[in-house]
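Novice: Have a look at this one.
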2 protein chains.
Amino acid sequence: MSSPTGSTALLTDQYELTMLASALRDGTALRPCTFEVFTRRLPDGRRYGVAGGTGRMLDAIENFRFGAPELEQLAATRVVDDATLEWLRGYQFQGQVDGYPEGELFFPGSPLLTVRGTFAEAVVLETLILSILNHDSAIAAAAARMVSAANGRRMIEMGSRRTHEESAVAAARIAYLAGFTATSNLEAGRRYGIPTAGTVAHAFTLLHDSERAAFESQIASLGTDTTLLVDTYDITRGIELAVEIAGTGLGAVRIDSGDVGVLARQARDQLDRLGATGTRIVVSGDLDEYAIASLRAEPVDGYGVGTALVTGSGAPTAEMVYKLVEVEGRPVAKRSSHKTSRGGRKAAVRRHKETGTAVEEVIFQIAPGAAEPVLGPHDRFLQIPLIRDGKRVDDVPTLEDDRQRLRHALVTLPWEGLKLSHGEPAIPTVFHEA
Amino acid sequence: MSSPTGSTALLTDQYELTMLASALRDGTALRPCTFEVFTRRLPDGRRYGVAGGTGRMLDAIENFRFGAPELEQLAATRVVDDATLEWLRGYQFQGQVDGYPEGELFFPGSPLLTVRGTFAEAVVLETLILSILNHDSAIAAAAARMVSAANGRRMIEMGSRRTHEESAVAAARIAYLAGFTATSNLEAGRRYGIPTAGTVAHAFTLLHDSERAAFESQIASLGTDTTLLVDTYDITRGIELAVEIAGTGLGAVRIDSGDVGVLARQARDQLDRLGATGTRIVVSGDLDEYAIASLRAEPVDGYGVGTALVTGSGAPTAEMVYKLVEVEGRPVAKRSSHKTSRGGRKAAVRRHKETGTAVEEVIFQIAPGAAEPVLGPHDRFLQIPLIRDGKRVDDVPTLEDDRQRLRHALVTLPWEGLKLSHGEPAIPTVFHEA
C-alpha cells in the first residue's frame, strides 16, 4: 500500500508544493533559510518531553525523492506546474540538520531540530518531519513515564492492535528506547532488531476442550518456562492447574482482567503455598502509568501495556511545529497573535548543578555578535549534527545509545520532575536574547 | 521501511504465532472457529460509532503472506518451530468474512466483523484486523461529529503533521468517507483518488521581503481564486492588501490564529466593505467538533481541521476486540470477570420506525434452532459478505458508496443522537438470546 518506490515524497501537505511552485517562479526559492522544530508547551500537566523519532526521520529524509509514480500523480492532479515538476525530479536534500538526539529530554521552546538549506529544499520536508517527531515523541513521553512508574520491573509493549498498523511498529521501537523490555510486534523485531515476546490469548484456552488440555499443549510446545494465562474461567483453579501441570518451575502466570492488584496478591500467596515461589506474575489489561504506579506495593513481576502506550496516554501528539526562523541570515517571525514566536536560529544548553541535577534549559540565538552562554563543567549543548551537506553524519547514535541517554537524563531531573501528577515543566526554559 | 515484499504478515503480535505453533502440534489448529470483532462500549459520552477501515483491511488480508524475509526473521528469532514455518509458508486465508460496511454506524456489542475459518488461519489475523479497524473507526467517529457540527460548510483535513505519517494517509481517507471536502495529504490523493487542497503557510509570507511581495507571487502563480493567508502580521492590513492585489474576485482568505469567531466577523465586514462580497473565509487552528459548532453563527465558509481529527478528538482508538466465539459450532466465552462476553456467532439488525428513525440494534445468535427476528419493512441486516472462501466478494462497496451510507445513516438517528454533548448511545443494543 505504501509507495511502490519506497519514496516518502508524497507524505506531504499539498501547500508545501504550491509554496515551492510560487517561490520558484518569483525567484525566492533558493534563499538560504533556517527552519526550527519546537513545541510551545508540554501536554497538560506533563513535566518533561522525550525526543523520539530522529532515526526514523533520517531514513525518511533519505527516501524523500520524486520518482515516476510521484511525479505522474502531481502532473495528473495539476498540483504544480511543469517547472516545479522538473525541479522535484532532481530533488535531494543537500542542507544541514542538527537536533536533539532521541532519548533527550525537552521542554517548551527547546529547539528540537534545526533544518538549514534553501527555502525550496527545506520547506517540502515540513510535514514528514513533523509527522514522525510528533508521533514518536508523544509515545516516548508516555513510555518514559510508565517505565519510571514500573521502577525496574519488566515491561512488555503489546498495544499494536489499538493503533494504526504502522504506528504500532514505530511505537514498539520507541517503547524499547524508553526502557521497555520487549514488544509483541514482530515487524518491530524484524525492522529494528528489538526483543519480541508473547505466549497465548484467551482464545487458545477456549479453543481446547478444557483449560487442562490448553495448558498441557502450551507446556509441551513452549516448555515450563512459559507464561500461562490463568484467568479464562476461575483464577484460583487456573493457578492450581497451571502448577499441577507445569510443576513449581512454571515461568509465569498472566492475569488480564479484574482488580489486578488484589488478584496479584492472591496469586502470589497461592503460588508460594504451592511451592512455585519462583513463578513470576505478569499483569495486563488497560494499564497506564497511574495504574502501574498503584501496583508498586503488589507482588507484580511484569506489566503488559497496550492502549495507553500507543495512544500517548492522553497526549497522542507532541504538537511540535516547524517554523521558518531565518531568511538570508535575518531573523523572521509571525507577529499577529498571542502565539509567541522567536525569530533567529537557536541552540540550547542544559545547565546542571555540581550534583548533576538539571537546573534550566537555556535557549540562545546563534548570530554574529550574539553572546554565547559560558558553559559550566556540567552543562552541555543539546543539539548534535545529524545531516551535513545532505549526508547523514557517520556517528548518529544507535537505538541502544539513545536508550541509555534517556535512562541517564531522567536521573538528572529534579525529583519533582518524575512525579506523575500534573505539574509545571521540571526545569524552566530561559531565553537569552541576542 | 515497510516489508520489502509488501507483506503485512509480521504486523502481528508474537503470541498469535506461538498459539498457532502449539495448536498445530496438539491437533486443534484446524478446528472450525468463528471470531467476532466488537466493542464493549463507545468512548466516554459518545452517542454512536462509525465503522471505518474495512477497505484497507481487505487489502491487508490479501497481503498477509509469509515470504522469505518474514520466514527468515521468524526462523532467526526462533519464534516458532520448523513445522509452523512450513505451514506459514503456504498461508493464505481461505475462510469467510462478513462485517459492517464502512460508514455504517455501530453501538456497544455490534458484531462489526465475523471471521470464520480454521483456528489457525483466523487467529493470525487478529492484530492486523484490529489495528486497522480500531484506528480508522476512531477517526471516522471524530470526523462524522465534525462534519455534523459544520452543518454543510466545506471541511479540509490537514492533520498529517500531527500523527504518524502512514496513519495520516489512512486518516485522510476516513475524513473523506465522513464527508470532508478534501485533504492536504498528497499520498492519500494518490492512493485513494480523493481530492487534495492547500495553498500557503506563514513561512511563504516570511520568506518574502514583504507581505505584498508574497501575495503578488501567490496570485501570479495560483490565480486570484486562491486562498491568501492574512494573519502573518496584521489581519486588517492583510485583508486590505489581499483585495488590493487580487481584486474583489479573490477566492478566499484564511485566518489561522486568534479568536477566529470574532476575527471572521471582522473579516467579513471588511471584505464586504471592500466589495469582495464573494470572497470566502476559511478558518483553521486547533479546531475540534465543539469549536466548529461554536462557529455556526459566524460568517465562516470553510474549516481546516488538523490535530483533533487525526487523534480521534479525545478517543484515539475504538477499543474493539477480536474474540473467539465459536469452536466446531459450539459457543465459547471467557467467564472469569466483569467483562461480559457472549459466545456464539451473531448477526445484527437495525430496527427503524416507519419514519425511518432508528429504534434499536438487535443482536441475535446464528445457530440451529435460534429464533431469527422478524424484520419490519424498515429494518435491515447490518453485516454484508466481504470475503468468501478467501476471495474478496466482487461488490464490496466503494469509498463513495460508503460516504453516502454514512451521510444517510446519520439522518436516521433520533435527533438526540447527533448532539455533541456527552450522553448515552443513540439507540439501545438488545441481545436476543438463542
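The values are calculated or read from the model by the stated rules, or taken from the named source; none is laboratory data. Because the structure is a prediction, the values reported are computed rather than measured. Note that each Cβ is placed from the backbone with ideal geometry, even for glycine, and that neighbours are counted across all protein chains shown. Side chains are part of the model used for accessible areas, which takes the heavy atoms of the whole protein and leaves out ligands, DNA and RNA. Shrake-Rupley method; radii C 1.70, N 1.55, O 1.52, S 1.80 Å.
Novice: Of the residues that sit in the range A:112-135 and are more than 24 Å from the chain's Cα centre (by Cα) and not in a strand (DSSP E or B), which one is farthest from the other protein chains (Cβ to nearest Cβ)?
Specialist: Among them, the one singled out is A:Glu121.
Novice: Please determine, by comparing only the residues of the range A:314-343 that are more than 24 Å from the chain's Cα centre (by Cα), within 11 Å of chain B (Cβ to nearest Cβ) and β-branched (Val, Ile, Thr), which one is nearest to A:Glu121 (Cα to Cα).
Specialist: Across the range A:314-343, the extreme among qualifying residues is A:Val327.
Novice: Restricting to the range A:298-313, give me the number of residues that are more than 9 Å from chain B (Cβ to nearest Cβ) and in a loop (DSSP other than H, G, I, E, B).
Specialist: 6
Novice: So which of B:Gly369, B:Gly344, B:Gly356, B:Gly376 is farther than 22 Å from B:Glu104 by Cβ and out of contact with any Gly (no Cβ under 9 Å at 6 or more places or on another chain)?
Specialist: Only one candidate qualifies: B:Gly369.
Novice: In the range A:136-210, which helices (runs of 4 or more DSSP H) lie fully inside it and hold 1 or more residues that are free of Cβ contacts under 8 Å to residues at least 24 places away in the same chain, within 28 Å of B:Ala170 (Cα to Cα) and β-branched (Val, Ile, Thr)?
Specialist: A:165-177
Novice: Scan the range B:54-64 and give yes if some residue there is crowded, with 24+ Cβ neighbours inside 10 Å, away from chain A (no Cβ under 11 Å), under 21 Å from the mean Cα position of the chain (by Cα) and assigned to a loop (DSSP other than H, G, I, E, B), otherwise no.
Specialist: No, because not a single residue in the range B:54-64 is crowded, with 24+ Cβ neighbours inside 10 Å, away from chain A (no Cβ under 11 Å), under 21 Å from the mean Cα position of the chain (by Cα) and assigned to a loop (DSSP other than H, G, I, E, B).
Novice: Does B:Ala138 satisfy the criteria of being crowded, with 24+ Cβ neighbours inside 10 Å and in contact with a helix residue (DSSP H, G or I) (Cβ under 9 Å, 6 or more places away or on another chain)?
Specialist: Criteria met by B:Ala138.
Novice: Let me ask something additional. Is it the case, given these coordinates, that B:Asp389 is touching a His at 6+ places or on another chain (Cβ under 8 Å) and not β-branched (Val, Ile, Thr)?
Specialist: So B:Asp389 fails the test.
Novice: If you don't mind, another one. When the range A:388-412 is examined, which residues are found to be within 25 Å of A:Val362 (Cβ to Cβ), within 21 Å of the chain's Cα centre (by Cα), surrounded by fewer than 18 Cβ atoms within 10 Å (Cβ to Cβ) and among the hydrophobic types (A, V, I, L, M, F, W, C)?
Specialist: A:Val396, A:Val411, listed by residue number.
Novice: Name the single residue that is surrounded by the most Cβ atoms within 10 Å (Cβ to Cβ) among those in the range B:98-111 being in a loop (DSSP other than H, G, I, E, B) and not hydroxyl-bearing (Ser, Thr, Tyr).
Specialist: Residue satisfying both the conditions and the ranking: B:Glu102.
Novice: Could you give me the residue pairs with C-beta distances under 9 Å whose first residue belongs to the range A:80-97 and is part of a helix (DSSP H, G or I) and among the hydroxyl-bearing types (Ser, Thr, Tyr), whose second residue is surrounded by 12 or more Cβ atoms within 10 Å (Cβ to Cβ) and modelled with pLDDT of 95 or more wherever it lies, and which are 6+ apart or on separate chains?
Specialist: Sorted first by the residue in the range A:80-97, then by its partner, the pairs are A:Thr84/A:Leu17; A:Thr84/A:Thr18; A:Thr84/A:Leu20; A:Thr84/A:Ala21; A:Thr84/A:Leu24; A:Thr84/A:Arg25; A:Thr84/A:Leu74.
Novice: Then there is this: For the range B:142-161, which positions are of a type in the set (A, V, I, L, M), in contact with a Ser or Thr (Cβ under 8 Å, 6 or more places away or on another chain) and open to solvent by 10 Å² or more (accessible area, probe 1.4 Å)?
Specialist: Listed by number, the residues that qualify are B:Ile156, B:Met158.
Novice: Which residues, taken from the range A:7-37, are open to solvent by 10 Å² or more (accessible area, probe 1.4 Å), more than 7 Å from every other protein chain (Cβ to nearest Cβ) and assigned to a helix (DSSP H, G or I)?
Specialist: A:Leu24 - this is the single residue of the range A:7-37 that is open to solvent by 10 Å² or more (accessible area, probe 1.4 Å), more than 7 Å from every other protein chain (Cβ to nearest Cβ) and assigned to a helix (DSSP H, G or I).
Novice: Which of the residues that make up the range B:157-168 are at the interface with chain A (Cβ under 7 Å from one of its Cβ atoms) and in contact with a helix residue (DSSP H, G or I) (Cβ under 6 Å, 6 or more places away or on another chain)?
Specialist: B:Ser160, B:Arg161, B:Arg162, B:Thr163, B:His164, B:Glu165, B:Glu166, B:Ser167, B:Ala168
Novice: Working carefully through the options A:Thr28, A:Thr77, A:Thr18, find the one that is without any contact (Cβ under 8 Å) to a residue 40 or more places away in the chain and farther than 30 Å from A:Asp394 by Cα.
Specialist: After applying the criteria, what remains is A:Thr77.
Novice: Continuing with this model, one more query. What number of residues in the range B:262-291 are in a helix (DSSP H, G or I), of a type in the set (Gly, Ala, Ser) and either more than 30 Å from B:Thr311 (Cα to Cα) or within 14 Å of chain A (Cβ to nearest Cβ) (or both)?
Specialist: Residues meeting the conditions: 1.
Novice: Here's a follow-up. Go through the range A:190-223 and count every residue that is more than 9 Å from chain B (Cβ to nearest Cβ) and open to solvent by 60 Å² or more (accessible area, probe 1.4 Å).
Specialist: Going through the range A:190-223 one residue at a time, the tally reaches 2.
Novice: Follow-up. For residues that are free of Cβ contacts under 8 Å to residues at least 40 places away in the same chain and charged (D, E, K, R), scanning just the range B:281-307, find the one that is most open to solvent (accessible area, probe 1.4 Å).
Specialist: B:Asp286
Novice: Can I ask one more? Filter the range B:65-79 for residues that are part of a helix (DSSP H, G or I) and touching a helix residue (DSSP H, G or I) at 6+ places or on another chain (Cβ under 8 Å); which is nearest to the other protein chains (Cβ to nearest Cβ)?
Specialist: Residue satisfying both the conditions and the ranking: B:Gln73.
Novice: Cβ contacts < 8 Å: first residue part of a helix (DSSP H, G or I), restricted to the range B:389-407; second residue modelled with pLDDT under 95, any location; separation 6+ or different chain. Result?
Specialist: B:Arg405/B:Pro397
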